[in-house]
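In what follows, a structure is listed as structure tokens, so that the remarks can point back to it.
Just so you know, all these numbers are worked out from the coordinates, no wet-lab data involved. Nothing here was measured: the structure is a model prediction, and the numbers come from that model. Cβ coordinates were reconstructed from backbone atoms using ideal geometry, including for glycine residues, and neighbour counts include every protein chain displayed.
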Amino acid sequence: MKRKQSAVSVKADPRLSEGYAVVKRMLGMLFLLLLSGNVHAALSVFACEPEWAALTQQLAGDKASIYTATGPLQDPHQVQARPSLIAKARGAQLTVCTGAELEIGWMPVVLRESTNNNIQPGSIGHFEAAQYVTMLEVPTRLDRADGDVHAAGNPHIQTDARNFLPIAEALSKRLIQLDPANTEYYRQRYAAFDREWRAAIAKWEKQAAPLRGIPVIVHHKGFPYLNDWLGLKEVAELEPKPGMEPSASWLGKVLNDLQQHPARMVLRAAYQSERPSEWISERAHIPAVMLPFTVGGTPQATDLFTLFDDTIQRLLAGLKQETP
């Protein structure tokens, strides 16, 4: 005789039903936020040099994801257009570079191979800092025999703190154009940076007063903007022509010329070889001073503010240093 199986009534747990309802509501709200544009991914920025990555960080904060194409101990003239750089440029919404042909050896290739129309020259996503400052050492003639001379002028604009004022203003406006939803955020960060930077410039100029009129030798013509700002007087370069490493015979000529035009220091950027400046230092009995040149060039230069703190402190220390 078959037994009938009794049906068992299973009641749904009301807590589970409530949980499903909550999840459903949350997913619905997220969907609506995405549709309304209230959720924004960080702006993808490709910075050619560390100083522009640092400036973008100051102005954009957490609204930007920043990739730096070159390191602080890397010559920005001598960079390879590696596949990794091209891949980063392909996804960028904004490139922030020096311009003035500093990146002429690699950035045009990166831009072309990226096939990213948003960052090509002339587009809203293409920013060149040199367009917003007065250029120094603009050549009257262009001849490859003169070495690495740039048609627009000397591109090492980041060594004058004053140049960051107009550049920051222009870059802030560009960020707003690209990301108008965060306009007020960018305006507030720019206003704060501008206020703090002007106060810092006043402090640095007061500290650097003893440097005015001091004659210096430079490894490369990388400091005309620094010299113009602080009043240093460049009397010689270690490179016979821009971009050409000095030979022993050329250094001997520089040393001999110092008898007529003595210098107090010999300056080089962190990425440059120390040997030529040390050679002159030992024989001319003047200190060789290595400057960070960009953010990260020394352990102390961790951002734009400490970049100039460290630069001026190193110059002042060199001025006080006695050599045998």
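List of remarks:
- Under 5 Å from the amide H of M265 lie the amide H atoms of I217, each residue being 5 or more positions distant or on a separate chain, with H modelled from the backbone and absent for Pro and chain starts.
- Taken about its Cα centre, segment 146-264 carries a charge dipole of roughly 460 debye when the Cβ of each Lys and Arg holds +1 and the Cβ of each Asp and Glu holds -1.
- Contour excess over end-to-end distance, with Cα ends at R82 and K203 and 0.36 nm allotted per residue: 39.5 nm
- From phi via Karplus (6.51, -1.76, 1.60), per-residue ³J(HN,Hα) for segment 59-76 in Hz, x at Gly/Pro: 8, 9, x, 7, 8, 10, 10, 10, 10, 9, 6, 10, x, x, 9, 10, 6, x
- The length gained on full extension between S123 and S65, counted as 0.36 nm times the residue separation minus their Cα-Cα distance, comes to 18.9 nm.
- Kirkwood-type radius of segment 64-124, with distances r between different C-alpha atoms, in Å: 11.9 Å
- Taking Cα centre as origin and charging only the Cβ of basic (Lys, Arg, +1) and acidic (Asp, Glu, -1) residues, the dipole magnitude of segment 226-317 rounds to 260 debye.
- At 1.002 mPa s and 20 °C, Stokes diffusion of segment 182-256 via Kirkwood alpha-carbon radius, µm² per second: 141 µm²/s
- Two-decimal ratio, segment 91-217, of alpha-carbon radius of gyration to 2.2 N^0.38 Å: 1.27
- Here the Debye sum runs over all C-alpha atoms of segment 164-205 as equal scatterers in vacuum, and log10 of I(q)/I(0) at q = 0.22 Å⁻¹ comes out as -0.67.
- S249/R212 FRET efficiency (R0 25 Å; Cβ-Cβ; nearest 0.05): 0.15
- FRET E, pair Q74, T183, Förster distance 35 Å, beta-carbon r, rounded to 0.05: 0.50
- Cα gyration tensor shape of segment 208-320, rounded if a/c is under 1.5, else prolate or oblate by comparing a/b with b/c: prolate
- Applying 1/(1 + (r/R0)^6) with r as the Cβ-Cβ distance of R195 and A317 and R0 = 30 angstrom yields a FRET efficiency of 0.55.
- The phi-based Karplus calculation (6.51 cos²θ - 1.76 cosθ + 1.60; θ = phi - 60°) puts the 3J(HN,Hα) values of segment 165-174 at 5, x, 5, 4, 4, 5, 5, 4, 5, 5 Hz, whole numbers, x for Gly and Pro.
- For segment 291-299, 3J(HN,Hα) computed residue by residue from phi via the Karplus equation (6.51, -1.76, 1.60; θ = phi - 60°) reads 10, x, 6, 8, 4, x, x, 9, x Hz, glycine and proline entered as x.
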